[in-house]
Ligand code: 4NP
């Protein structure tokens, strides 16, 4: 599930990039949730966590205010600015995690080489208790969609952290 490289780089930071379409709802939430989980676990200095979007429509913007409010009520601060995925991300990150089928297809198309393809994962692949196969886009829906995004991401980020620790402890 993780690049073989992670096993070897015991002293290097694990670099994770979360990706969605606009980088104003799902991926900045995944970034905020994962950063808090890592910090609460005492491993803040061992991770570099970022997010990006397939599209650049919202470049430079803060996360959607509906998403930020929902996240803040669960204790997560979303303060990253939207940016599009760039080719160097495939070299700079160990894991590139998309939210839905379209994100995964777009990432695969953008990947510059075979090693990059192996870094692409789906957020829900790490789910522990929630049985969703993607993180639904909340942008055109109501408040319940934003709550669901946080529910799925909390569950999957927990699973992601556990999967990283299980590989690194081997
Ligand atoms: P995200 O949500 O991909 O979770 O950031 C969206 C944000 C904006 C748009 C679509 C999805 N949009 O079409 O502008």
In the range 88-103, anything assigned to a loop (DSSP other than H, G, I, E, B) and out of contact with any helix residue (DSSP H, G or I) (no Cβ under 7 Å at 6 or more places or on another chain) is listed as 88, 93, 100
task: Inspect all residues belonging to the range 124-143 and state whether any of them is within 16 Å of the ligand (Cβ to nearest atom), part of a helix (DSSP H, G or I), more than 16 Å from the chain's Cα centre (by Cα) and closer than 15 Å to residue 85 by Cα.
output: no
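Table: residues versus (1) more than 9 Å from the ligand (Cβ to nearest atom); (2) within 22 Å of residue 104 (Cβ to Cβ); (3) modelled with pLDDT under 95.
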| residue | (1), (2), (3) |
| --- | --- |
| 27 | no, yes, no |
| 32 | yes, yes, no |
| 39 | yes, no, no |
| 45 | yes, no, no |
| 52 | yes, yes, no |
| 55 | no, yes, no |
| 59 | yes, yes, no |
| 65 | yes, no, no |
Filtering the range 47-78 down to residues that are touching a residue at least 40 places away in the same chain (Cβ under 8 Å) and assigned to a loop (DSSP other than H, G, I, E, B) yields 54, 64, 74, 76, 77, 78
Residue 164 passes all but one of the listed conditions (1) touching a residue at least 40 places away in the same chain (Cβ under 8 Å); (2) crowded, with 17+ Cβ neighbours inside 10 Å; (3) assigned to a helix (DSSP H, G or I); (4) out of contact with any strand residue (DSSP E or B) (no Cβ under 7 Å at 6 or more places or on another chain); the exception is number (4)
Listed by first then second residue, the pairs whose first member lies in the range 91-118 and is without any contact (Cβ under 8 Å) to a residue 60 or more places away in the chain and on the phi < 0 side of the Ramachandran plot, whose partner is in a helix (DSSP H, G or I) and buried (at least 18 other Cβ atoms within 10 Å of the Cβ), with beta carbons under 6 Å and at least 6 positions apart or on separate chains, are 111/90; 112/90; 116/90
The number of residues in the range 12-28 that are part of a loop (DSSP other than H, G, I, E, B), touching a residue at least 40 places away in the same chain (Cβ under 8 Å) and at negative phi is 4
Of (1) assigned to a helix (DSSP H, G or I); (2) closer than 22 Å to residue 164 by Cβ; (3) within 16 Å of the ligand (Cβ to nearest atom), residue 106 satisfies every one except (2)
Scanning the range 79-90 for residues that are touching a residue at least 60 places away in the same chain (Cβ under 8 Å) and within 15 Å of the ligand (Cβ to nearest atom) gives 82, 83, 84, 85
Within the bounds of the range 129-140, is there any residue that is surrounded by fewer than 21 Cβ atoms within 10 Å (Cβ to Cβ) and under 23 Å from residue 43 (Cβ atoms)?
-> yes
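The values are calculated or read from the model by the stated rules, or taken from the named source; none is laboratory data. Please read these numbers as outputs of a predicted model, since none were measured by experiment. When we count neighbours, we look across all protein chains shown, and the Cβ atoms used for this are built from the backbone with ideal geometry, even at glycine.
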